[in-house]
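Here's the structure we're looking at; comments come further down.
The values are calculated or read from the model by the stated rules, or taken from the named source; none is laboratory data. Since this is a predicted model, take the numbers as computed values, not measurements. Heads up, the Cβs are rebuilt from the backbone with ideal geometry, glycines too, and the neighbour counts pull from every protein chain shown. These accessible areas exclude ligands, DNA and RNA; they are computed on the full protein's heavy atoms, side chains included. Shrake-Rupley method; radii C 1.70, N 1.55, O 1.52, S 1.80 Å.
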Amino acid sequence: MSLEGENTKEAVLQALSEITDPAFDQNIVELDYVRHVRACGGVVAFDLVLPTPAHPHRAILQEAARQRVSALPSVTQVNVTVDAEVRSATPGRSVPSSVKNIIAVASGKGGVGKSTVAANLALALSQTGARTGLMDADVYGPSIPILMGVSQQPQISASEKLLPLVSHGVKLMSIGFLAGDGAPVIWRGPMVSKLLQQFLSDVDWGDLDYLVIDLPPGTGDAQLTLCQTATLSGAVVVTTPQEVALEDVNRAINMFAKVNVPIIGIVENMSYFVCRHCGEREDIFLHGGGRRAAESLGVPFLGEIPIDPQICSGGDNGTPIVVQYPDSPQSVAFCGIAAQVAVSLSRMASETPAEPEDLLRVIS
Ligand SMILES: Nc1ncnc2c1ncn2[C@@H]1O[C@H](COP(=O)(O)OP(=O)(O)OP(=O)(O)O)[C@@H](O)[C@H]1O
Ligand SMILES: [Mg+2]
């Protein structure tokens, strides 16, 4: 069979349709990943456009595509370019409209590592090439300035919007940038909700694929109002491994159910300890509460993060572990969670009909 002429594209698409994306359990042609098939002589080139740059099987899909097409008769060279196009899980409803997906990071109780998870999740998404922001909605105890190592006052743009600060490639906004060091912050519920609205509408976020929101701890009225204010695509619930945490997780999940926000999954933080000398893993708490909670509540379990001095010190010195030690097993765990979050949002987006204007954007 020759690959010249009209048959080329068809033969390439036929070969590529034999590759299944395990994250979606569908073939990559049906998933509309394959674009711009070109052929000249024995050289074939095409693009694979994935639904997220954080796709966990990016390299495997690229290699499989290269191999399948290389195996076609008379093909001498294959050039595969991988790109990504993130779609909104809340098409036409996102506020601001330039932000495709808003992810809340929440917990039923304080101190479980929400801010640490939110910061490392945002950084892990950004490291894949996604345009990412991190908004600190914890007005009572903002941690993002310290975690991300920034404390300047934000500038105001010509259109009178607050310009987010940028750290390690992630756009940031926090009341900590505005209130000054150690200033006592006394907020009543309506003020909190107004502030969050302003953080969404009066901050010049620009085009973002993902905006991660670090919520204040707990599941009271303030948190509920916050969740109603933003068009959340989904929520990540952070817990610790103890059995008692199940009740807190349950409360957080109920809160999101009240405002119809899908649960992306549960993260178990401070899950276990790895001895720095012998490398052996120790389950200091009764490990596995997060997974059991996820199973019994019927929501996905996204993964476990160990308790680790480098995670703590990275947060204290403004360089979270995903940036400071990107190849460490702890960072790999954060990146795995980020990939699952991104895939889950892509799945939601593919199940949600696109708004006419989103379709136009894809077509043009
Ligand atoms: N996996 C971990 N290993 C070691 N230390 C951690 C880990 N996760 C979080 N910490 C530390 O635990 C403390 C609390 O974490 P963090 O501020 O992220 O929790 P939080 O849930 O956001 O708290 P709050 O409810 O007060 O907002 C911080 O000092 C942080 O560095
Ligand atoms: Mg916090």
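Of the residues making up the range 138-186, those that are part of a strand (DSSP E or B), modelled with pLDDT of 95 or more and open to solvent by 40 Å² or more (accessible area, probe 1.4 Å) are VAL166, LYS171.
Put simply, of GLY206, GLY265 the only residue that is part of a loop (DSSP other than H, G, I, E, B) and modelled with pLDDT of 95 or more is GLY206.
For the range 113-136, filtered to residues that are near ligand 1 (Cβ under 10 Å from one of its atoms) and either in a loop (DSSP other than H, G, I, E, B) or acidic (Asp, Glu) (or both), the residue that is nearest to SER201 (Cα to Cα) is ASP136.
Among the residues of the range 48-70, those identified as open to solvent by less than 30 Å² (accessible area, probe 1.4 Å) and touching a strand residue (DSSP E or B) at 6+ places or on another chain (Cβ under 6 Å) are LEU48, VAL49, LEU50, THR52, PRO53, ALA65, VAL69.
Scan the range 207-222 and report the pairs whose first residue is away from ligand 2 (no atom under 16 Å from the Cβ) and whose second residue is among the charged types (D, E, K, R) and part of a loop (DSSP other than H, G, I, E, B), with Cβ atoms within less than 9 Å and a gap of 6+ or a chain change. Correct list of pairs: ASP207/ARG131; LEU208/ARG131; ASP209/ARG131; TYR210/ARG131. When ASP248 is tested against (1) part of a loop (DSSP other than H, G, I, E, B); (2) within 16 Å of ligand 2 (Cβ to nearest atom), just one condition goes unmet, and that condition is (1).
With respect to being open to solvent by 20 Å² or more (accessible area, probe 1.4 Å), at pLDDT below 90 and either in contact with a strand residue (DSSP E or B) (Cβ under 7 Å, 6 or more places away or on another chain) or away from ligand 1 (no atom under 16 Å from the Cβ) (or both), GLN228 fits the description. Taken as a whole, the range 91-104 holds no residue that is open to solvent by 10 Å² or more (accessible area, probe 1.4 Å), in contact with a helix residue (DSSP H, G or I) (Cβ under 7 Å, 6 or more places away or on another chain) and not in a loop (DSSP other than H, G, I, E, B).
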